[in-house]
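Structure first, then comments.
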Amino acid sequence: MFYREAGEYRTSYVEDGQTFPIAFDRWRYYLVLAVAFLVIPFVINDYWANAIFLPFLIYAIAAIGLNILVGYCGQVSLGTGGFMAVGAYGCYKLMTAFPEVNIFFHVIIAGFITAAVGLLFGLPSLRIKGFYLAVATLAAQFFLVWLFNRVPWFYNYSASGQISAPERTVFGHPVTGPETEPWAAYLFCLVFVVVLAWVARNLTRGSVGRKWMAIRDMDIAAEIIGVNPLAAKLSAFAVSSFFIGVAGALFFAVYLGAVEVGEAFGINKSFLVLFMIIIGGLGSIFGAFAGAAFLVLMPVLLKNVLVGGLGWPTDLAAHLEFMIVGALIIIFLIAEPHGLAQLWRIAKEKLRLWPFPY
């Protein structure tokens with residue numbers, strides 16, 4: 001009964017165009033932020049941080065970045081794992097070369113490095129699209145993994161070929177390294193998620209986002225009405241790669257601490273993030289969060305219920321996970337292409353009109 005617009009008056013275009021026009025939605029958003037910043041850091045432990053919260057936050061950033069490129073601009077990409085590797089190795093080189101600089105700036109600069117690489121690999125999108133562009137980005141994935149494996153400079157000539165994050169602090173508290181406390185790593189990633197989600201939301205609602213969506217819907221018509229395909233497509237690749245590079249830097253430095261590029265950023269990583277935005281919903285910031293939450297929580301739930309509760313073999317539970325993800329992708333692509341975000345939208349509309357028929 002309280003989810004209504006009755007009695008809410010908007011007297012300006014700014015109020016009418018706000019992200020959450022219904023007061024209940026705004027207060028729900030503020031409540032989620034308050035819980036995330038003021039409650040979870042005091043109750044979080046190592047298991048919750050490493051199994052749920054850190055991967056969810058980091059994958060949400062990567063999913064938002066890929067959703068900008070695929071969902072909003074319509075440019076198919078299968079190179080997410082490779083671009084995450086660029087962010088990870090860029091952050092590693094900055095951390096070892098400039099130890100006096102705060103880790104926050106290392107992550108940001110690693111994102112800009114990834115944006116430059118994304119611009120380079122986005123150039124083919126000016127002449128090709130669809131399946132052919134997907135193959136081009138897939139080639140970028142394999143090339144980047146091969147590059148970081150074969151050039152010793154990227155991993156500082158380590159005998160193992162791995163990169164390990166040295167300890168870095170923020171306000172005197174370690175956020176990387178073995179001494180990092182769960183709440184510190186969680187808050188460090190949470191700040192990036194909130195800021196980048198806010199940036200993505202404003203970009204997609206503004207003129208830049210409208211240009212991306214015009215290119216997605218019909219690039220020839222968009223060019224006729226004055227949209228520059230060169231600027232629109234390359235800006236989408238740059239912004240998307242920036243988000244993915246930041247996610248890769250956090251995935252390496254804060255979450256894992258030590259990575260080997262083939263295992264941590266292989267083709268499976270690219271497909272995992274792509275599945276997140278397909279299940280969550282293409283062209284939706286909320287869909288990126290929903291897809292990331294679903295694919296992070298589902299393995300944990302299956303492991304605890306099937307393996308821990310029912311005593312199933314671990315490999316059988318893992319195979320069941322693949323079957324569930326595959327079935328859901330098929331179902332969503334056929335029945336609801338806009339994913340969980342659209343189901344959430346429909347549920348809210350039904351609540352707004354209840355008890356009247358939808």
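The values are calculated or read from the model by the stated rules, or taken from the named source; none is laboratory data. As the structure is a computational prediction, the values presented were derived from the model and not from experiment. Methodologically, a virtual Cβ is constructed for each residue, glycine included, from the backbone with ideal geometry; neighbour enumeration extends over all protein chains shown.
Considering each of Val101, Val107, Val135 in turn, give the residue that is on the phi < 0 side of the Ramachandran plot and in contact with a Cys (Cβ under 8 Å, 6 or more places away or on another chain). Write out each step before concluding.
Working: Val101 fails: in contact with a Cys (Cβ under 8 Å, 6 or more places away or on another chain); Val135 fails: in contact with a Cys (Cβ under 8 Å, 6 or more places away or on another chain).
Matching residue, one of Val101, Val107, Val135: Val107.
Suppose we filter the range 281-325 for residues that are in contact with a Phe, Trp or Tyr (Cβ under 9 Å, 6 or more places away or on another chain), modelled with pLDDT of 85 or more, more than 17 Å from Phe53 (Cα to Cα) and surrounded by fewer than 18 Cβ atoms within 10 Å (Cβ to Cβ); how many remain?
The qualifying residues number 0.
For the subset of the range 133-165 comprising residues that are among the polar types (S, T, N, Q) and crowded, with 21+ Cβ neighbours inside 10 Å, which member is nearest to Ala85 (Cα to Cα)? Let's see the steps before the verdict.
Filtering the range 133-165 for residues among the polar types (S, T, N, Q) gives 137, 141, 149, 156, 158, 160, 162, 164.
Next cut, crowded, with 21+ Cβ neighbours inside 10 Å only: 137, 141.
Values: Thr137: 14, Gln141: 9 Å.
Among those residues, the one meeting the criterion is Gln141.
If Gly283 passes every condition in (1) at negative phi; (2) not in a helix (DSSP H, G or I) but one, which one does it miss?
Of everything listed in (1) at negative phi; (2) not in a helix (DSSP H, G or I), Gly283 misses just condition (1).
Given the conditions (1) free of Cβ contacts under 8 Å to residues at least 60 places away in the same chain; (2) closer than 30 Å to Val175 by Cα, which single one is not true for Ala288?
Failing condition for Ala288: (1).
Which numbered condition trips up Glu8, out of (1) assigned to a loop (DSSP other than H, G, I, E, B); (2) surrounded by 12 or more Cβ atoms within 10 Å (Cβ to Cβ); (3) touching a helix residue (DSSP H, G or I) at 6+ places or on another chain (Cβ under 7 Å)?
(2)
Of the residues Leu120, Leu144, only one is in a helix (DSSP H, G or I), under 15 Å from Lys233 (Cβ atoms) and not β-branched (Val, Ile, Thr); which? I'd like the intermediate steps shown before the answer.
On the way: Leu144 fails: under 15 Å from Lys233 (Cβ atoms).
Among Leu120, Leu144, only Leu120 is in a helix (DSSP H, G or I), under 15 Å from Lys233 (Cβ atoms) and not β-branched (Val, Ile, Thr).
Just a yes or no: is a residue in the range 19-26 outside any helix (DSSP H, G or I), surrounded by 12 or more Cβ atoms within 10 Å (Cβ to Cβ), at pLDDT 90 or above and of a type in the set (Val, Ile, Thr)?
Scanning the range 19-26 turns up no residue that is outside any helix (DSSP H, G or I), surrounded by 12 or more Cβ atoms within 10 Å (Cβ to Cβ), at pLDDT 90 or above and of a type in the set (Val, Ile, Thr).
Look at the range 29-52 and say how many of its residues are in contact (Cβ under 8 Å) with a residue 12 or more places away in the chain and within 14 Å of Val191 (Cα to Cα). It would help to see each step written out before you state the result.
Here is the first cut: in the range 29-52, the residues in contact (Cβ under 8 Å) with a residue 12 or more places away in the chain are 33, 36-37, 40-42, 44-46, 48-52.
Within this subset, residues satisfying the condition of being within 14 Å of Val191 (Cα to Cα) are 33, 36-37, 40-41.
So the count comes out to 5.
If a residue has to be farther than 22 Å from Ile279 by Cβ and of a type outside the set (A, V, I, L, M) to count, how many in the range 302-328 make the cut?
Within the range 302-328, the subset farther than 22 Å from Ile279 by Cβ is 307-316.
Those still in the list that are of a type outside the set (A, V, I, L, M) too: 308-309, 311-315.
Of the residues in the range 302-328, 7 are farther than 22 Å from Ile279 by Cβ and of a type outside the set (A, V, I, L, M).
Among the residues of the range 338-348, is there at least one that is within 16 Å of Gly81 (Cα to Cα), part of a helix (DSSP H, G or I) and basic (Lys, Arg)? Before you say what the answer is, go through the steps one by one.
Our first condition is that a residue be within 16 Å of Gly81 (Cα to Cα); within the range 338-348, this holds for none.
No, that holds for no residue.
Among the residues in the range 122-132, are any in contact with a Ser or Thr (Cβ under 7 Å, 6 or more places away or on another chain), surrounded by fewer than 20 Cβ atoms within 10 Å (Cβ to Cβ) and either of a type outside the set (A, V, I, L, M) or at pLDDT below 90 (or both)? Break it down stepwise before answering.
Taking the range 122-132 and keeping what is in contact with a Ser or Thr (Cβ under 7 Å, 6 or more places away or on another chain), we get none.
The answer is no, given that none of the residues of the range 122-132 is in contact with a Ser or Thr (Cβ under 7 Å, 6 or more places away or on another chain), surrounded by fewer than 20 Cβ atoms within 10 Å (Cβ to Cβ) and either of a type outside the set (A, V, I, L, M) or at pLDDT below 90 (or both).
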